[in-house]
Structures are given as C-alpha cells and as structure tokens.
Amino acid sequence: MAFGGAHSNSGPILVVRSATRRFGPVVALENASLSVDRREFVTLLGPSGSGKTTLLRIIAGLDEPSSIVELSIGGADMRGIPANHRNVATVFQHYGLFPHMSVGKNIEFGLLVRGRPADERRRRAREALELVRLPDMFDRRIHQLSGGERQRVALARALVTEPEILLLDEPLGALDERLRREMQVELLRLQQKLGTTFILVTHSQEEALTMSSRVVLMNHGRIVQDGRPQELFEQPRSKFVANFMGIENVLVGRVASIEARTVNLVVNDRQFTGQLLTGFTPAPQEPVFIATRAERVDIGNGSSSSRGLNSIAFTSSLSVYKGTHYDIELSTPLGTLVSRQPKPLQAQEGGVALWSSDDCVVGPIDREIDLKGCRPQGRNE
Amino acid sequence: MTASEQLRAAVERERMILRWSTAVAVILGCVGIILIYGPIVWLALMSISEQPLTGKPGPFTTIWYVKLFTDMRWFDPLMVSLAIASTVSVLCMFTAAAIGRVLPHVGAVGLVILSMILIVLFMPGVMLGVDFIIFYRILLGIRTGVWSLILAHFVWAFPFALLSVIIVASRFDTRLLEVARDLGAGRWRCFRSIELPLLLPGILSAGFFGFLLSLNELPRSIFLRGGITTLPLFEWAEAASHSTMVPLIYGLSTLITLGSLVLTVLALSLLFKRETA
Amino acid sequence: MTTFAGLWFIGVILPVLGVVVVSLLRMTAEGGDPALTLDAYREILLTGRWEVTARTIRIAATVTLILLVISFPFALWLAKGLRSTTIKLVIWTLLTAPFFLSDTARVIVWRPVLGLMGPINSGLMTLGFIERPLPWLLFSESSVHFGLLGPFLPNMIWPIFLSMTLIDDDLLEASKDIGASPLQTLWYVIVPLSLPGITAGIVFTFVPILGDDVVAKVLGGQRVLMLGGAMLDLINALNYAVAAAMSTLILVIIAGLQLILVMVLRTVGGNGSLVQGLKR
C-alpha cells in the first residue's frame with residue numbers, strides 16, 4: 001500500500017492554496033488557502049455552511065475540490081490522490097466505528113489494511129487504548145459502549161496509524177457538557193504528548209479558544225481571519241468576526257476623522273473614538289464597526305467624564321448572574337450594551353457606560369482586511 | 001521510480017480495478033435482466049407470430065388472440081383462478097391488517113409468531129403440498145377441493161402480505177394515536193381516521209400480492225386441487241401434453257403476465273412511496 | 001391474534017411435523033399400521049429416489065451458486081455504485097416484479113427455441129459454427145440449469161440488495177479514510193455486513209428450486225427427473241409413507257442448510273447491526 005507524505009522534515013506539513021468547491025450553483029468553499037506547520041493545533045471555526053467541513057474533507061481526500069492550486073501534505077503533492085493513500089486520518093462526528101468488529105479489531109483495522117502482522121497490530125492497538133484511557137475494552141462490542149467511549153475508540157483507531165495530520169470533524173458535538181470539557185482537555189493533552197498535527201472543525205468559539213493555538217475563522221466558504229485566539233478576540237478583522245467571537249458590544253457608525261491610528265467616528269450623532277485595526281485605512285465617511293469587550297466597559301454616574309473616554313448614558317439595567325461575575329445589560333439609545341461587573345446594579349438606576357478608546361477596535365463592515373495585515377483586499381494586489 | 005510516482009501508479013491501478021469491476025457488475029446485471037425478461041418478451045413475440053411452435057418469430061398476426069374467443073376452454077379455469085385469487089386477496093388483507101398492526105409492538109412473543117409464519121417461505125411448494133395432502137386428506141380424511149386450494153394459496157401468500165403491512169406499520173408513530181385519544185376520539189374512530197389511512201398502502205399491497213401469488217400459483221395447487229382446475233394448472237396440463245392449445249396459451253399468458261406486471265409495479269410503488277408530509 | 005397463531009400452528013406447522021411422524025409408520029393403501037419403521041427411508045435408498053434427491057440438490061446448488069455470482073456484484077453496484085435514486089428504483093422494481101409471475105408460460109417458450117429445429121440451432125448452423133443441431137440444448141441437465149436461472153434470480157438479488165442498501169455510507173467512508181482500498185473495504189466491511197442478506201438470498205433461492213417441477217418437466221423431459229416430479233408420482237401411486245419420508249428428508253436438508261448458515265453468521269461476528277439486518 002503506497003502512502004504519500006513524510007518526505008521532508010522541515011517546512012509546513014500542510015499547504016492548501018486556493019481551494020474551491022462548488023456543488024452546482026452553491027459555492028461551499030471559495031479560494032481558501034491554509035498553511036499548517038508541524039505540531040500545530042489548528043481549529044477551523046465557523047457557523048454551519050461556512051465551508052469548514054468541506055475544507056477538512058478536501059484535506060482528508062474524501063472530497064475532490066472543483067479547483068485547487070496546491071495541496072501538499074508533508075511536502076508531497078496530494079492532488080488527485082484519494083483518502084486511502086494519504087497519511088491523514090479523520091475522527092468523524094458519527095465515529096464511523098464498524099459494528100461487526102470488536103473495539104480491538106476496529107482499532108487494528110488501519111494496521112490490518114497496511115499489512116502489519118497480527119501481533120504487532122494487537123500490541124499497537126492495546127497501546128492506543130491505553131493512550132485514550134480505555135485499557136480494558138479490547139474485546140468489547142461497539143454497541144456496548146457509551147458515546148464518550150465510542151469517541152475515544154474512534155480517536156484510538158485514527159491515531160494508531162500514526163498519521164501526519166489528525167483531522168477531527170466536530171468530534172465533541174454529541175457529548176454532554178461535562179464530557180465535552182473533559183474531552184477538550186484530553187485532546188489537548190494527547191496532541192501535546194504525541195506531537196501530531198491536529199486540525200479540528202467546530203462551530204463553538206469557546207471550544208476553539210480552549211484547545212487550539214491557532215484559529216481559522218470561516219464564513220460563507222471563505223477564510224475570514226486566521227491567527228492566534230487572542231488576535232481574533234482582541235483584533236477582529238470584520239464585524240462578523242467580532243460578533244462570532246462573542247464580543248458583546250459592537251456598534252456601527254461612520255468615520256469622521258483619523259489621527260494616526262486613532263479614528264473618530266459617529267454613531268447616530270454620537271461621537272466615539274477607537275483604535276484602527278492593523279492594516280485598515282478607511283475612506284472618509286466609510287461605514288465601520290466599533291467593538292468593545294464587556295470587561296472593558298465601566299459604569300459611572302452622570303458626573304464623571306474625562307477625555308479619551310467613550311461614554312453613553314443608560315436609563316435602566318438588567319443584571320444577569322454568571323457565577324463568577326455579573327453581566328449587566330444596559331439600555332442605551334444605541335441599543336443594549338453589556339458591562340461585566342463583580343456586583344449587580346439596581347435596575348432602575350441610570351448611569352453612564354464608559355470605556356477607553358484604547359480598549360476598542362474599529363474595523364470595516366463591507367470588506368475584509370487582508371490576512372497578512374498589509375493591505376485591504378481589492379487594492380493593488 | 002520515485003516514491004511519488006509509485007504512489008500515483010498505485011492510485012491509477014486502483015482506479016482501473018474499480019472501473020473494470022463496475023463494468024463486470026453492470027454486464028452481469030444486464031445478463032440477469034435478459035434472463036428474466038427475455039422469455040417474457042419472447043413470449044409476447046410468439047403470441048403474435050404465426051408459427052410459434054417453431055420457435056421463430058414468424059409473420060406477425062393477431063390470430064391467436066382472436067382464437068382465444070373461439071376456443072374458450074381457458075375461460076372456466078380463468079374464472080376459477082380469479083375467484084380464488086380474490087378470496088385469498090381479501091383474506092390476506094384482513095388478516096395481515098389485523099396482525100400486522102399489532103405485531104411490531106408485542107415484543108418477543110411477536111417475534112416467535114412472526115418466525116412461525118415466515119418459516120413457510122423456507123419450505124418448497126411441493127413439500128408443503130405433500131404435507132398438506134397427507135395431513136388433511138389421509139390423516140383427517142377431508143376431501144380436497146376449493147377450500148384446500150384457498151388454504152394452500154393463503155399460506156403461501158400470507159407471509160408476503162404480512163411483511164407488506166409490517167413494513168408500513170413499523171414506520172407508524174403510535175404517538176399519533178395517543179394524541180387522538182387525548183383529543184377525545186374513540187377507539188374505532190382512532191383506527192378509521194388515523195391508522196387506516198396510514199396503513200392503507202401496506203394493506204393494499206398485501207391484497208395485490210395475495211391476488212398475484214394466488215393467481216400464478218402452481219406447485220402447491222398440483223397436490224391440493226381436488227378436481228378443480230386453476231388457470232396455471234390448465235396451462236401446465238396443456239403445455240406438458242404438447243397440445244394444440246399451446247399457441248393460445250402464449251396469448252393468454254402474455255395477457256396475464258402484462259396484467260400481473262402492472263399490478264406488481266403498483267403494489268411495490270405503494271409500499272415504498274416515501275411520505276413527504 | 002392468539003387465535004390466529006393457534007390456527008396457524010394447527011393448520012400449517014402441525015402438518016409438517018405430522019408428516020415426519022407419518023414417514024416413520026408403515027403404511028399401506030388402506031390406512032396406517034402404527035408400528036415405527038424406517039421402511040420408507042429404506043425404500044428411498046433402494047429405488048432410484050435417492051438419486052433423484054441427490055440430483056435435485058446438485059442442480060439446485062449449482063444454479064444457486066451461479067445466481068449468487070450474477071447477483072452479488074450487480075446488487076453491490078445497484079446499492080452503492082449508483083447515485084441516481086430513480087434509476088435505482090426502476091432497476092430494482094424490474095428485478096423484483098417477475099417474482100410474482102407464473103413460471104409455466106415463461107419456461108414453455110424455451111422449448112421450441114432450444115429445440116433441434118429451433119432458431120438457435122438453425123442460426124448456429126447457418127453461421128457455420130456447427131454441422132448438426134446440438135441435442136443437448138433441450139431435455140438435458142444444461143437446459144434445466146439454464147431454465148432455472150431466470151425465474152429465481154429475483155429471489156437471490158432481493159435480499160442481497162436490501163442488506164447492502166442498509167449499510168451506512170459513513171462506514172464505507174471511514175474505512176476509506178483509515179486507508180483501506182476499495183477491495184479491502186469490500187472484504188472487511190461490506191461482505192460481513194451484508195452476510196445476513198447473502199444467506200437469506202441463498203436460502204430463498206435454493207429451497208424453492210428444490211421444490212420446482214415446472215422447469216424440470218418442461219426442459220428436462222424424461223431424462224432429468226427432479227424431486228417435484230418424483231413426489232407427484234408417489235402421491236399418485238398412493239405411496240404416502242415414502243412421500244412423507246421424502247418430505248421429511250427435504251426438511252432435514254433445509255434445516256441442515258440453515259444450521260450451516262447460522263454458524264457462518266456467528267463466526268463473522270454477532271452484534272446489534274447484524275441482528276437488525278436479520279430483523280428486516
């Protein structure tokens with residue numbers, strides 16, 4: 001059985017350039033490009049229909065792109081090579097465990113089709129079971145396992161073949177809350193122990209933040225932002241990113257004036273000031289968004305006001321208990337803003353929401369900033 | 001060859017194997033379809049040929065169909081078959097409906113009963129024929145007649161009828177009945193307005209299958225005819241004796257075959273129509 | 001429902017069991033002599049009846065095998081290779097519908113065709129492939145084999161196709177992803193999971209062929225005697241004990257076949273999925 005991959009020991013382990021996938025009139029993936037280094041834990045994040053699973057399947061070899069410029073794994077060109085010849089394994093959302101085989105035989109399967117002898121298969125399968133903490137399950141039947149156990153068997157089955165890249169398609173989706181948290185930590189531990197490159201697909205930004213060192217956010221078939229979780233959270237490159245990453249306070253306004261990297265904008269006749277995102281140079285009067293996280297919003301009474309602070313009055317509030325803090329929803333003329341406070345507020349009390357212009361970012365609405373942070377798209381490429 | 005070239009060669013080899021296997025599969029399928037439909041088409045062809053007994057499709061003529069109306073010896077057997085088939089069909093529909101709707105919900109006992117019913121599918125027609133005639137005629141001393149034919153046909157057709165209803169009944173959501181009961185409907189009402197319409201495709205198919213299987217049944221009928229002649233028995237006797245009726249049989253059979261095919265397609269489409277509600 | 005079950009048992013199951021008992025009795029034309037004996041079975045072995053049984057089993061097995069070879073790849077292609085569901089349904093209906101048709105007429109057509117003066121022989125002679133008409137085209141074992149193929153093909157392909165359709169496509173994808181070639185997926189995943197259907201197809205084909213007498217008589221004539229014809233002769237000769245014995249013999253053979261198949265199923269692995277497949 002010929003397998004591709006593992007040719008060079010330096011350089012990225014995965015390079016995808018300009019992958020497009022059409023299903024009739026629907027464009028599931030458009031010009032997606034991705035480069036992953038060894039030992040990275042990358043998450044493909046996005047809402048349903050964003051193309052993340054399509055991209056994963058193209059990497060796995062289960063789907064052929066409509067057009068692609070480059071697809072190499074471990075330095076070897078994988079275009080046109082089907083999944084069974086790629087040194088890449090997938091953990092499916094449905095697990096895909098063979099019902100007519102025991103747990104052990106399921107895990108051995110990858111080695112069986114590679115022609116490994118029986119004793120080696122058994123040894124490595126048992127090791128894999130130890131790895132996923134299911135040491136006594138070798139002879140169990142699949143239907144006897146719980147959801148969490150099945151998922152770990154699927155993981156073991158994929159890992160035992162020592163793939164160059166492990167792909168995970170929403171593996172934690174079917175698990176309950178507590179199990180999901182446990183498995184998130186497990187996966188992280190495994191990845192660091194084995195050093196295998198992991199690419200995970202999920203729609204939960206919380207999951208992405210927990211596990212990966214790098215998040216690739218996708219929407220409508222295109223890659224919208226690609227970077228460290230902190231970057232997406234603090235420097236969202238578009239309104240979609242800001243909303244998806246859960247930034248609570250996002251307002252839309254128009255550019256009034258720019259000084260260096262600070263911009264003054266107008267939202268419904270009110271003035272706000274914020275930091276321009278790197279690589280973003282808006283045109284005059286361009287519609288932009290301004291985003292601030294709830295932690296950065298303070299509450300003051302009407303009297304205090306100082307330069308450099310954005311402020312807006314609110315008339316009433318709703319304090320929501322979140323266990324470690326309170327999320328205070330403030331009713332302002334511009335809509336509901338959220339402030340995170342250690343103590344709740346009196347509902348009928350009015351006040352002022354305040355935040356520093358250093359603590360909010362301003363970005364484009366109708367277009368996206370180039371991923372490398374150099375130039376906005378559509379300008380002298 | 002470099003590793004990459006080796007890889008591509010292996011992939012290409014795999015593709016070729018897949019392509020050839022698919023071709024073989026499709027060819028075998030065509031062979032199968034020809035094996036099944038060849039005779040039927042040929043039969044139709046022969047029924048409109050002048051010299052069917054030579055095996056060659058001669059000049060085309062409808063003379064044999066015309067002769068069907070002059071030599072009417074086939075009429076009585078046909079009527080007998082239709083009568084028996086209708087009876088069996090009705091019996092199948094009612095029994096299958098009564099049992100089929102209950103069976104999926106009765107658990108282990110249901111499984112036992114189901115296997116008892118399905119076991120007759122694994123008994124060759126002649127065996128059942130012999131068994132029945134020994135049991136009823138010899139041991140119990142009851143003379144065979146129409147009733148024995150109906151019994152034999154029913155036993156043969158019932159498993160299929162039951163399966164039809166079960167297929168449809170297993171898709172049936174019993175919660176619908178709970179909702180109806182909740183809204184105040186009585187038991188008969190529940191059955192008539194909710195269950196019956198949903199089970200109807202299965203019940204109708206059961207009826208069709210019962211009718212068809214009885215109409216075309218031969219091996220069991222041979223033993224249990226009791227002096228009665230059904231249409232298949234008639235055709236069988238005439239064919240075996242190389243009589244002059246044979247060309248007429250061609251025409252008759254073609255008609256029955258076409259009718260049966262239409263009914264079968266109808267029944268199958270009823271069974272497997274996906275409700276899009 | 002219990003009344004029905006009771007009736008079914010008395011009316012259907014009992015005769016079959018009762019016949020086993022009958023076969024062990026000494027019977028004469030008038031009635032039964034309640035002394036247990038294996039006379040009936042001895043008579044089967046002594047007269048040519050065992051030969052008939054053996055021949056029938058042999059022919060049935062051969063035809064079943066041929067039909068399996070034809071059906072398996074095509075069922076696989078139909079279930080997993082074909083994308084369009086409408087074509088799939090059409091072909092499948094085509095294959096299933098003839099099950100409900102009468103055997104007689106379809107078989108009769110072959111007689112003149114395969115005959116010495118028939119179109120096949122004439123055609124081959126005209127084309128120069130043979131000098132004299134082939135006698136074995138009709139009234140031979142070959143013709144009986146051939147005639148059995150068409151009528152029983154639906155029996156074989158129906159259960160196989162059904163069980164293959166039930167195989168989750170996700171499993172096939174997982175198999176491919178982990179590195180299995182199409183052939184390996186076929187052998188390790190598809191065949192085991194469709195085994196219930198394959199065995200059902202084998203039984204559903206083999207057993208009815210055992211009971212066939214139409215094809216044997218029409219295409220085999222006097223030279224190829226099969227079980228069905230033999231049984232009819234016995235009944236007509238009022239030789240009930242021997243008929244009962246032959247019936248019991250068939251029952252034993254079928255039961256034996258079932259046992260073998262169940263054991264095959266067991267070794268491949270029993271679990272939820274297989275049981276589900278059997279239930280449907």
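Only the coordinates and a few stated rules stand behind these numbers; no lab work does. Note that the structure is predicted; figures quoted are calculated from it, not measured. Neighbour counts run over all protein chains shown; Cβ positions are idealised from the backbone, glycine included.
Here's the picture: charge each Lys and Arg Cβ at +1 and each Asp and Glu Cβ at -1 in region B:169-243, and of B:229, B:185, B:208 the one pushed furthest to the positive end of that dipole is B:185. Each residue in C:9, B:209 was given a count of other beta-carbon atoms within 10 angstrom of its own, and listing them fewest first yields C:9, B:209. What percent antiparallel are the DSSP beta bridges of chain A, to the nearest 5? Percent antiparallel among DSSP bridges in chain A is about 75.
Amide H contacts of residue A:40: A:198, each under 5 Å away and 5 or more positions distant or on a separate chain (H built 1.01 Å from N in the peptide plane; Pro and chain starts excluded). Between the residues C:188, C:174, C:119, the greatest Cα displacement towards the positive end of the dipole of region C:102-218, with unit charges on the Cβ of Lys, Arg, Asp and Glu, is found for C:119. Taking Cα atoms, how many degrees apart are the long axis of helix A:118-131 and the longest axis of chain A, rounded to 10 and kept between 0 and 90? Once rounded, one gets 20 degrees. Going by neighbour counts of Cβ atoms within 10 Å, the residues C:248, C:126 line up, fewest first, as C:126, C:248.
Sorting C:266, A:261 by the number of Cβ atoms found within 10 Å of their own Cβ, with the fewest placed first, yields C:266, A:261. Electrostatic bookkeeping for residue B:153 treats Lys and Arg as +1 and Asp and Glu as -1; over the other residues with beta carbon under 9 Å from its beta carbon, the sum is 0. Projecting label points 7 angstrom from Cα along Cα→Cβ for residue B:76 and residue B:106 puts them 4.2 nm apart. Of the residues B:28, B:160, A:104, the one whose Cα sits farthest toward the positive end of the charge dipole of the protein assembly as shown, with +1 on the Cβ of Lys and Arg and -1 on the Cβ of Asp and Glu, is B:28. Based on C-alpha pairs under 8 angstrom that are at least 6 apart in sequence, region A:14-233 has a relative contact order of 30 percent.
Reported value for region B:3-47: 35 Å³ per residue, from the convex hull of its C-alpha atoms.
Just want to confirm a number: the relative contact order over chain B, from Cα pairs under 8 angstrom separated by 6+ residues, in percent. Once divided by the residue count of chain B, the mean separation gives 27 percent.
Taking chain A as a Gaussian network of alpha-carbon nodes connected by springs under 10 Å, the highest mean-square fluctuation of the residues A:105, A:193, A:322 belongs to A:322.
How high is the relative contact order of region A:106-181, in percent, counting Cα pairs under 8 Å that sit 6 or more residues apart? About 36 percent, as a whole number. Taking B:33, B:203, B:166 as the candidate residues, the one with maximal mean-square fluctuation in a Gaussian network model of chain B, Cα springs under 10 Å, is B:33.
Grab the beta carbon distance between residue C:13 and residue A:26, set R0 = 51 Å, and tell me the FRET efficiency rounded to 0.05. In this case the efficiency is close to 0.30. Ellipticity at 222 nm from helices only: DSSP H runs of n ≥ 4 in chain B, each -39500 (n - 2.57), divided by the residue count, give -23500 deg cm²/dmol. Take the alpha carbon gyration tensor of the protein assembly as shown, find the square roots of its eigenvalues, order them as a ≥ b ≥ c, and report rounded if a/c is under 1.5; if not, report prolate when a/b exceeds b/c, else oblate. Prolate is the answer for the protein assembly as shown, as a/c is 1.5 or above and a/b outweighs b/c. Classification of region C:63-279 by its C-alpha gyration tensor yields an oblate form. The axis ratio a/c (a ≥ b ≥ c) is 1.5 or more, and b/c is at least a/b. For chain A, modelled as a GNM whose springs connect Cα atoms under 10 angstrom apart, the maximal fluctuation among A:232, A:200, A:97 occurs at A:97.
The calculated FRET efficiency for the pair residue A:348 and residue A:33, based on their C-beta separation and a Förster distance of 45 Å, comes to about 0.25. A run of chain B free of exposed loop cleavage sites, with trypsin sites (Lys or Arg not before Pro) counted only in DSSP states other than H, G, I, E and B and at most 14 other beta carbons within 10 Å, reaches its longest extent at B:172-272. Checking the a/c ratio against 1.5 first, then a/b against b/c, what shape does the Cα gyration tensor give for chain B? Judged from the Cα gyration tensor, chain B comes out oblate (a/c at least 1.5, b/c at or above a/b). Of all aspartates and glutamates in the structure, those lying under 19 Å Cα to Cα from residue B:67, and not within fewer than 8 positions of it along the same chain, are B:50, B:76, B:235, B:238.
With both residues required to sit in the protein assembly as shown, DSSP beta bridges show an antiparallel share near 75%. Pairs from the list A:105/A:193; C:88/C:217; A:52/C:176 with a Cα-Cα gap above 27 Å: C:88/C:217.
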